[in-house]
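Here is the structure we will look at, set down as structure tokens.
FYI, it's all coordinate maths here, none of it is from the lab. Source: prediction; values computed, not measured. So basically every Cβ, Gly included, is an ideal-geometry build from the backbone, and we count neighbours across all protein chains shown.
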Amino acid sequence: MKRVYLDHNATAPLRPEARQAMLAAMDLIGNPSSVHAEGRAAKGLVEQARQQVAGLVGCAPGEVIFTSGATEAAALAIPDGATVSSAGIEHDAVLSWVQKEGVDLSQLLDVDGNGVLTGQANGQSFEDGIWDDVVALQAANSETGVLQDTLKHAQALWALKRSVLILVDAVQALGKTDFSFARSGADFVMVSAHKLGGPKGVGALIVKHGIDVKPRIPGGGQEMGRRSGTENIIGIAGFGAAAAAAAHDVASGRWEEIKELRKILENTLAASAKTTIFVGKDADRLPNTSCFATPGWKGESQVIQMDLAGFAISAGSACSSGKVRASKVLQAMGYDDEIASSAIRVSLGLETTAEDVQRFAETWLAKEQKFRARMA
């Protein structure tokens, strides 16, 4: 029986459009910085992709800086010596900069039990806080799928400190929701190609016009002097093609169909698995993401069991140096270690079928019943 891939938030399968664009780019000889015809052809490909990415993000092409991925984009956005605030639900690409400054995560932006920002920090309102140089706001969480109203919180922060810079992580939201740079309240937006069907190892930082960015990688002055190094034209071409295809899917309502499959999945599981907790179920979420925890049944154990049964999913807990830890995201939401260690994430994709969802539900429920029988 064929395997079923349900880990699209980790990486999405390469789109056919991206593959074709990358193959075509391989035949280009020129360096995009060269002035001859071959160089101009390569440069034209990069600029076409820049327009395609800008079209999906809702920004001007000149605001797109190509990078090796979202992690580099975050590093490029954060100035040297800046202090950074965020919620504990943020990706490590952002939290690493918060922790670098020695900030206690308990002092950061608060979220409620659904993982939604409350407009407070450590129980105090924004008005009572002293805000850092950069505040990171996540558009969509990779583990729970929970969406944030980044514009609302950006406006509240601007009212207190107009000089604060807002960094929005749109890695998961882009290509699955109607994300708009203009409506995000962001000064910077970090995005990644492989989350929306492009190749791995390429992403972009979107920089609002008029904001200065100091390059982390000095050199020949590529990417408008903001990110030196010969452009990865093969990856960039794939990114652009994937972005164009993703924009069409969002506009045509394809993700609404996936949302219905997620509802079927959760309703089927909830009908039989009475102790299972569906994380963030009362909040707006990505249409494809379901995070749920069965107390006491370790997430990594579920991942292994389902992998052997032919399903690719992921655990809410993160592995580091061979040690399994409770999900920091769920802990920030107020869940205890038992639940935070028992979460798994199922993330559907455009190729996911109703049969895939039914097979997964039947297989998982059979294993859940065996787990309960052992615990009885």
The helix 354-375 Cα axis meets the longest alpha-carbon principal axis of the chain at an angle in degrees, between 0 and 90 and rounded to 10, of 50 degrees
Mind checking which of VAL57, SER86, ALA154 is farthest towards the positive end of the stretch 16-250's charge dipole, using Cβ charges of +1 (Lys, Arg) and -1 (Asp, Glu) about the Cα centre?
VAL57
Specify the angular offset, from 0 to 90 degrees and rounded to the nearest 10, of the alpha carbon long axis of helix 233-251 from the longest principal axis of the alpha carbons in the chain.
60 degrees
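At 25 °C and a viscosity of 0.890 mPa s, what translational diffusion coefficient does Stokes-Einstein give for the stretch 16-250, taking Rh as the Kirkwood radius over Cα pairs? Give it in µm²/s as a whole number. Could the numbers behind the result be given before it?
Values: Rh = 18.1 Å.
Here the translational diffusion coefficient equals 135 µm²/s.
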Most to least packed among 207-213, 232-238 [average Cβ atoms within 10 Å]
232-238, 207-213
To the nearest 10 degrees, the tilt of helix 150-160 (Cα long axis) against the first principal axis of the alpha carbons of the chain is 70 degrees
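Taking the Cα centre of the chain as origin, work out the dipole magnitude from +1 charges on Lys and Arg Cβ and -1 charges on Asp and Glu Cβ, in debye rounded to 20. Write down the numbers at each step before the final one.
Numbers: 37 positive and 43 negative charges, 155 e Å.
It comes to approximately 740 debye.
By per-residue mean of other Cβ atoms within 10 Å, what is the highest-first order of 190-197, 175-182, 267-274, 358-365?
190-197, 175-182, 358-365, 267-274
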Over all alpha-carbon pairs of the stretch 11-105, lay out the pair-distance distribution in 5 Å bins, whole %, shortest bin first.
2, 11, 14, 16, 17, 14, 10, 9, 6, 2, 0
Label zone at LYS274 (point 7 Å along Cα-to-Cβ), backbone N below 17 Å, the stretch 349-367:
365-366
